[in-house]
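Here is the structure we will look at.
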């Protein structure tokens, strides 16, 4: 009988190696969940950056398309205005239509000028950011590395991509300057549309009043 009790006691004793194996099985799971959370956060950050960049690109294309429409429309108006004005110069003097025609010409030229400013590429000098002595230019914007050689750019981009804080700083700086250029485009487009609408409406109304009174 004592032999049986000793055997049962030996069976009941916990095995330290098995406990360690269970602990080792639990710890990697926790590490995997933490790394998974980190990966999910990084994916979320990348998604936000992609969405922001896509929205800025779409708004830039929208402003450029509107500028192209205004530029083409006013260029066509000027093209037809000159050959129609010269043969009818006597009729224009009879009804005193010099002022509305001049207003229309100035309106078209002003709108064309503002549309060209919208389509004109911006300056690259303001894209620089002074983070430290070794990293002063963002490698994610073509205007910053246009004078670098291929080897210089590859080495510089590797150095920047190895530092997460530098990547965030450069991306934030690039988005800031893209936003500034986009805001400038939108302001110019709003001004061009206002000039075009006011000038065209004024020219038509003044011409109509002059024809009626004469």
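The numbers here are math on the coordinates, done by the rules we state, and not lab data. Remember, predicted model here, so these are calculated numbers, not experimental data. Every residue, glycine among them, receives a Cβ derived from its backbone with ideal geometry; neighbour counts consider all protein chains shown.
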Length gain on complete extension for the stretch residue 117 to residue 82, per 0.36 nm per residue less the alpha carbon to alpha carbon distance?
10.2 nm
So what's the gap between the Cα centers of region 57-99 and region 167-214, to the nearest angstrom?
16 Å
Report, as a whole number in µm² per second, the diffusion coefficient that Stokes-Einstein gives for region 64-213 at 20 °C and 1.002 mPa s using the Kirkwood radius over alpha carbon pairs.
112 µm²/s
With no solvent and one point on each alpha carbon, what is the Debye value of log10 I(q)/I(0) for region 131-214 at q = 0.22, 0.23, 0.27 Å⁻¹?
-1.01, -1.06, -1.24
Sorted from fewest to most neighbouring beta carbons within 10 Å, what does the list 61, 96, 177 look like?
61, 96, 177
Mind putting together the pair-distance distribution for region 84-126? All Cα pairs, 5 Å bins, whole percent per bin, short to long.
5, 19, 16, 14, 12, 9, 8, 6, 4, 3, 3
Approximate shape of region 168-214 as ellipsoid semi-axes (Cα gyration tensor, √5λ), whole Å, largest first:
45, 4, 4
